[in-house]
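A.B. asks: What follows is a single structure, and I will ask about it in a moment.
The values are calculated or read from the model by the stated rules, or taken from the named source; none is laboratory data. Note that this is a predicted model, so its numbers are computed, not measured. Cβ: placed from backbone, ideal geometry, glycine included. Neighbour counts: every protein chain shown. Each accessible area value is taken on the protein alone, full model and side chains, heavy atoms only, with ligands, DNA and RNA left out. Shrake-Rupley method; radii C 1.70, N 1.55, O 1.52, S 1.80 Å.
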Amino acid sequence: MEKSQIGTTLTHHVLINQRAHAQRTGEQPSGDFSELLNQIAVAGKIISAEVNMAGLADILGVAGRTNVQGEQVMKLDVFANHTFVEILRRSGHVGIMASEEVDDPIDVPEPHFPGKYAIAFDPLDGSSNIDVNVSIGTIFSIHRRRGPVGTPGAPEDLLRPGAELAAAGYIIYGSSTMLVYTTGHGVHGFTLDPSVGEFLLSHENIRIPEKCGTYSVNEGNTSTWTPATQKFVEHVKSPDASPLGGMKARYIGSLVADFHRNLMKGGIFLYPADAATGKGKLRLLYEAAPLAFVAKQAGGYASTGYEDILAMQPDGLHQRVPLIIGNRDAVELYERSVSAETST
Ligand code: AHG
Ligand code: MN
Ligand code: MN
């Protein structure tokens, strides 16, 4: 049968990359990571099925609770969280987890086997878009634990800079369901073929396009921004500004969807600090750091405006940070406008 008639599955792609990794490092692949990524894909397929049924099944609407962030929890958030926790606990490859929906670290109790990875995830990103049929997603980050497998994981396994990540990625539940991941050797996208139930390689070695033609920010917050942020957004909007003027605006309100569009077409996404508190809205561990790892691997960059997101040492599971992410030249222009303001 012609090679092209059988797509490259996630498992096959990881094995090819692990063989290349083994040649580079002499380390024999154990297959653990490939099994783990497949379990993440299984959870993604289960959530994708629910997302596509959300209009029909009784999981629309608010679950009546608020999460550690103080936000209304939509039923799909609860379902997605439960799915990831259960699937990852059973995988035998995870020793500890952190979820946006759970205040404390999530353990891997008997009879499950605590494996060698520590995973932080946002099970359902873009909750406000769930019941209006707009793209939403899941974001995950994977650290290699320091402690031996078979022993319970510790919060320190999770509270590490994004630069130390073993892998990161996201699943976007949109017009199609895609899984995008990196292990530090390029960014690769897989599209779910629902008729087969497999994620097939559709975007190998994704690179963010040179031209940054789009800016993505909630302009409803303009009055809360610092003058530097207000100046930067005015600059990228004005047609004759140089460099990087004349950008068009796109804002979906689901970080995964806004990020994915910029990765595919070029663009900068901003969720800047609130001038009054200096704090951002998005969470470092399971939103900013994993996407910063993906962005860097695709030739982009992510910053708070003051420092590289990947260099940050997390001080808590739900630490919030400002996030400026996308084309490197645009993010660096933002950093310069911030440092110009702080030096005056
Ligand atoms: P989550 O649904 O996981 O809480 O994330 C929502 C986030 C992110 O997806 C998006 O970029 C941002 O909230 C939108 O915030 P605003 O509605 O304040 O623009
Ligand atoms: Mn989110
Ligand atoms: Mn979420």
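A.B. asks: So in the range 214-342, what percent of DSSP beta bridges are antiparallel if you round to the nearest 5?
C.D. replies: Rounded to the nearest five, the antiparallel share is 75 percent.
A.B. asks: Could I ask something else about it? Using the Karplus curve 6.51 cos²θ - 1.76 cosθ + 1.60 with θ = phi - 60°, what ³J(HN,Hα) values do you get for each residue of the range 121-137, in whole Hz, with x for Gly and Pro?
C.D. replies: In residue order, the calculated couplings are 8, 9, x, 9, 9, x, 3, 5, 9, 4, 9, 10, 6, 9, 3, 9, x Hz.
A.B. asks: Let me ask something additional. Please label the shape of the range 195-344 as rounded, prolate or oblate, based on the square roots a ≥ b ≥ c of the eigenvalues of the alpha-carbon gyration tensor (a/c under 1.5 means rounded; beyond that, a/b larger than b/c means prolate, else oblate).
C.D. replies: Oblate, because a/c is 1.5 or more while a/b does not exceed b/c.
A.B. asks: Where does each of 310-320, 18-28, 233-243, 40-50 land if you order them by average Cβ count within 10 Å, highest first?
C.D. replies: Top to bottom by mean Cβ count within 10 Å: 40-50, 310-320, 233-243, 18-28.
A.B. asks: Starting at the first residue of the range 217-230, write each ³J(HN,Hα) from the Karplus equation 6.51 cos²θ - 1.76 cosθ + 1.60 with θ = phi - 60°, in whole Hz, x for Gly and Pro.
C.D. replies: Taking θ as phi minus 60°, the curve returns 7, 7, 5, x, 9, 3, 5, 8, 7, 6, x, 5, 5, 4 Hz for the range 217-230.
A.B. asks: Another question, if that's okay. Given charges of +1 on the Cβ of Lys and Arg and -1 on the Cβ of Asp and Glu, with all other atoms neutral, how large is the dipole of the range 3-203 about its Cα centre, in debye to the nearest 20? Present the calculation step by step, with values, prior to reporting the outcome.
C.D. replies: Working: 13 positive and 22 negative charges, 160 e Å.
Magnitude of the dipole: close to 760 debye.
A.B. asks: If you average 1/r over every pair of different alpha-carbon atoms in the range 3-203 and take one over that average, what Kirkwood value in Å do you get?
C.D. replies: 17.5 Å
A.B. asks: Quick check on the chain: of the DSSP beta bridges with both residues there, what percent are antiparallel, nearest 5%? Could the numbers behind the result be given before it?
C.D. replies: Details: 46 of 55 bridges.
Beta bridges within the chain, antiparallel portion: roughly 85 percent.
A.B. asks: Next question, about the same structure. Among the lysines in the chain, how many pairs, 8 or more places apart or on different chains, have alpha carbons under 17 Å apart?
C.D. replies: 8
A.B. asks: For n ≥ 4 DSSP H runs only, could you compute -39500 (n - 2.57) per run for the chain, divide by its residues and tell me the 222 nm figure to the nearest 500? Spell out each step's value before the answer.
C.D. replies: Details: 7 runs with 102 residues, N = 344.
After summing the helix terms and dividing by the residues of the chain, the value is -9500 deg cm²/dmol.
A.B. asks: Give, as a single signed number, the net charge of other residues whose beta carbon lies under 15 Å from the beta carbon of Thr11, with Lys and Arg counted +1 and Asp and Glu -1.
C.D. replies: Taking every Cβ under 15 Å from that of Thr11, the sum is -2.
A.B. asks: May I pose another question? Multiply the residue gap between Arg90 and Ser242 by 0.36 nm, knock off their C-alpha separation, and tell me the result in nm, one decimal place.
C.D. replies: 49.4 nm
A.B. asks: What's the extension gain from Ile6 to Thr342 if we count 0.36 nm per residue and subtract their Cα-Cα distance?
C.D. replies: Gain on extension, Ile6 to Thr342, equals 115.4 nm.
A.B. asks: Could you tally the net charge around Tyr286, taking each other residue with its Cβ under 11 Å from the Cβ of Tyr286, Lys/Arg +1 and Asp/Glu -1? Present the calculation step by step, with values, prior to reporting the outcome.
C.D. replies: Working: positive: Arg283; negative: Glu100, Glu101, Asp122, Asp125, Glu287.
After counting each charged neighbour, the total is -4.
A.B. asks: For the chain, build the charge dipole from Cβ charges (+1 Lys, Arg; -1 Asp, Glu) around the Cα centre, then report which of Thr9, His260, Asn205 sits farthest towards its positive end.
C.D. replies: Final value for the positive-end residue is Asn205.
A.B. asks: In percent, what relative contact order does the range 3-203 have, based on Cα pairs under 8 Å that are 6 or more apart in sequence? Walk me through the intermediate numbers first.
C.D. replies: On the way: 365 pairs, mean separation 33.0, N = 201.
Dividing the mean separation by the residue count of the range 3-203 yields 16 percent.
A.B. asks: Springs between alpha-carbon atoms under 10 Å, Gaussian network over the chain: tell me which of Ser176, Ser30, Ser91 tops the mean-square fluctuations.
C.D. replies: The residue with the greatest mean-square fluctuation here is Ser30.
A.B. asks: Express the carbon and sulfur contribution to the solvent-accessible surface of the range 230-344 as a percent, rounded to the nearest whole number, probe 1.4 angstrom.
C.D. replies: 52 percent
A.B. asks: At a 10 angstrom cut-off on C-beta neighbours, averaged per residue, how do the peptides 141-150, 244-253, 217-226 rank from highest to lowest?
C.D. replies: Numbers: 141-150: 18.1, 244-253: 15.8, 217-226: 14.1.
Sorting 141-150, 244-253, 217-226 by mean packing, highest first, produces 141-150, 244-253, 217-226.
A.B. asks: So what's the net charge close to Gly267: Lys and Arg +1, Asp and Glu -1, counting the other residues with Cβ under 10 Å from its Cβ? Intermediate results must be reported in sequence, preceding the final value.
C.D. replies: On the way: positive: Lys211, Lys248, Arg250, Arg261, Lys265; negative: Asp258.
Taking every Cβ under 10 Å from that of Gly267, the sum is +4.
A.B. asks: Give me, ordered by chain and number, the residues 5 or more places off Tyr117 or on other chains with an amide H under 5 Å from its own placed amide H.
C.D. replies: Here Val94, Gly95, Arg145 satisfy the definition.
A.B. asks: Which whole-Hz ³J(HN,Hα) couplings does the range 181-190 yield from phi under the Karplus relation 6.51 cos²θ - 1.76 cosθ + 1.60, θ = phi - 60°, glycine and proline marked x?
C.D. replies: 8, 9, 10, x, 10, x, 10, 10, x, 10
A.B. asks: Dividing the Cα convex hull volume of the chain by residue count, how many Å³ per residue is that? Each step should come with its number before you reach the end.
C.D. replies: Numbers: hull volume 52.5 nm³, N = 344.
So the per-residue Cα hull volume is 153 Å³.
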